[in-house]
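Notes follow the structure.
The values are calculated or read from the model by the stated rules, or taken from the named source; none is laboratory data. Given the structure is predicted, the values throughout are model-derived calculations rather than measurements. All Cβ positions, even for glycine, are placed from backbone atoms using ideal geometry, and neighbour counts span all protein chains on display.
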Amino acid sequence: IVPAAKIPTEPSAWLGETQLDSLPNQFRIIEFHAPLLAAGDLQGFVRLGYRYPTFGLDMQQLPFFAAVSLPVFLLVPLFYFLLRREVRPVREASQELNRIMDEDNFRQVQIAATGELGDFMQRFNQFVEHAGARIESLQQDQKQLITSTKLLEYRKNRVETVLETLPEAVMILDESGAITFANQKLAALFNVSLQAILTQPPQQWCDNPDILQLLARHGKDGKGRNFTDTIRFNLHAAIDQAIVTKTYPLFSPNKPAAPIGTLIVFRDETQEALARQARSDFVAHLSHELKSPLNVLGMYSESLLSEAGKSEEFRVEAANVISEEVSRLSSLINGLLSMTQIETGSLTPDRSLVRLRDVATAAYDEARHSAGDRDFTFKFDAPKEMNPVYVDKDLIRIAITNLLSNAVKYNRDGGEVRLTIEETEDAVQVRVSDSGIGVSEEEAAKIFDKFYRSSDERVQSIGGHGLGLALTKQIIELHHGSLSLNHDRAEGAEFIINLWKDTTAMKQAI
Ligand code: ADP
């Protein structure tokens, strides 16, 4: 404390610090001062002086620093060389690690070292050796894994190919009821993408309650898991499709008692159902067609035995009706027999080279004759000279006769019946046309079906079994030709038969 230093007189400055002037080359002195008060009166001051240390080298201390630095300078290289020697194994270890990383080769590593580092290096050598062995065994495992993955992939692909090739639509559910596989046929059946079937809940892509119920039955809490299930339903009610599903529980080959999922097969039995329907329709039609003439025959024969049968007039009428019904019956039975023979393949056409004009003329004359005294204009156009065609003449005559007989039956009074034959380069065309009631667009698709008859009153009032066109079509197709209806007519109907002249063209058609 510099005694001469003055305390500031201003009370507000009593508490504070003052830098004191000091002599040159001396320390800088700071004095802290604070008033001592008792009952508000100044009793004195506390004064505390301290100095700032000086920074920088003090010239007087230089010899001391020199004496300390000399051994340090001398020892540094020694330490350096010692350190380098001690650290060498670590450097070698680092080089070995670099080599291992570059070459990926865990060959045996031997790095010599002494002392504590010696222990460490021994452990390091062992570690590298152990790691090498481990990596080698892992690589072996990996190779085996890749091989078995490829094998599994191959087997999976094979199973999927088999499931894709199946004629049925199939889906596979896992134990929780989730769909894990579906083939393309299933996607086509439901008219959705495979992706949708595999990723979306069934309610999103299927609105059929039967299928939703079936899937629910095989879901997690479902009860139908271990049973074989068959349900029959129409998928799209509009087209009357009959789909039969069969479900088969799947079991693990290792644990036969543990179900691992369900296979559901969807079989489209629409064709079978249609065929069944067609068969029963056919039998119903046939029995009706057979019953009606038999009823008439029965009625007349009973009447002939009764009192009414004694009149000459009735006998003549009965004889006429009986003969008409018998000929109707025999034409029905003949038609049916021919059709059955063609359908079962037991009718082999007796082909020979035939002058089609002669066959057509015979059919034409028969049609004119059957028209009786009805008022029609008959026309027949055919080239005088024609190449012969290789056909069964009896069958072709039946075909032309059927068309001509329809042209007469469904014609109007005063109408025209025309038979035309034309020869083109590779076919002979037979056209039968009339100026009668014609065929509507709607009927055109059905007139070639067995037993189909138009519901038009004019057709219903005329006799027939609905077999003529079906049989004609079968005969022409048996000859690998074609029968079609000309849709471009303003009046009446025209049917066109095409018969191939050349056998190679015929073979191509086959
Ligand atoms: P059917 O003549 O015994 O009824 P078809 O098989 O010969 O049997 O003919 C089937 C149906 O085709 C006929 O019922 C009729 O409705 C229609 N059809 C056939 N030919 C003609 C024609 N020339 N004109 C109008 N309709 C015809």
Report task. Kindly indicate the residue of the stretch 383-413 that is within 14 Å of the ligand (Cβ to nearest atom) and not aliphatic (A, V, I, L, M) and also surrounded by the most Cβ atoms within 10 Å (Cβ to Cβ) among those meeting that condition. Result -> Asn406
Requested in this report: List the number of the failed condition for Val170; all other conditions in (1) among the β-branched types (Val, Ile, Thr); (2) at pLDDT 90 or above; (3) in a helix (DSSP H, G or I) hold.
Outcome: (3)
Query raised in the report: Mind checking which residues of the stretch 477-501 are aliphatic (A, V, I, L, M) and within 12 Å of the ligand (Cβ to nearest atom)?
Result: Leu483, Leu485, Ala493
Report summary line: Restricting the stretch 460-476 to residues that are within 9 Å of the ligand (Cβ to nearest atom) and β-branched (Val, Ile, Thr), the one nearest to Ser327 (Cα to Cα) turns out to be Ile462
Report summary line: Here the qualifying pairs (Cβ atoms under 6 Å; residues six or more apart or on different chains; first in the stretch 400-423 and closer than 22 Å to Gly481 by Cβ and at pLDDT 95 or above; second more than 12 Å from the ligand (Cβ to nearest atom) and among the β-branched types (Val, Ile, Thr)) come out as Ile421/Val430
Report task. State yes or no: is Thr340 among the polar types (S, T, N, Q), modelled with pLDDT of 90 or more and under 26 Å from Ser405 (Cα atoms)? Result -> no
Query raised in the report: What residue, of Glu457, Glu416, is farther than 25 Å from Asp365 by Cβ and more than 10 Å from the ligand (Cβ to nearest atom)?
Result: Glu457
Query raised in the report: Does the stretch 324-342 contain any residue that is assigned to a helix (DSSP H, G or I), among the charged types (D, E, K, R), within 60 Å of the chain's Cα centre (by Cα) and loosely packed, with under 13 Cβ neighbours inside 10 Å?
Result: no
Report summary line: Scanning the stretch 226-254 residue by residue, the ones that are modelled with pLDDT of 80 or more and basic (Lys, Arg) total 1
Query raised in the report: Just wondering, is there one or more residues in the stretch 431-444 that are touching a residue at least 60 places away in the same chain (Cβ under 8 Å), under 24 Å from Arg351 (Cα atoms), within 13 Å of the ligand (Cβ to nearest atom) and surrounded by 19 or more Cβ atoms within 10 Å (Cβ to Cβ)?
Result: yes
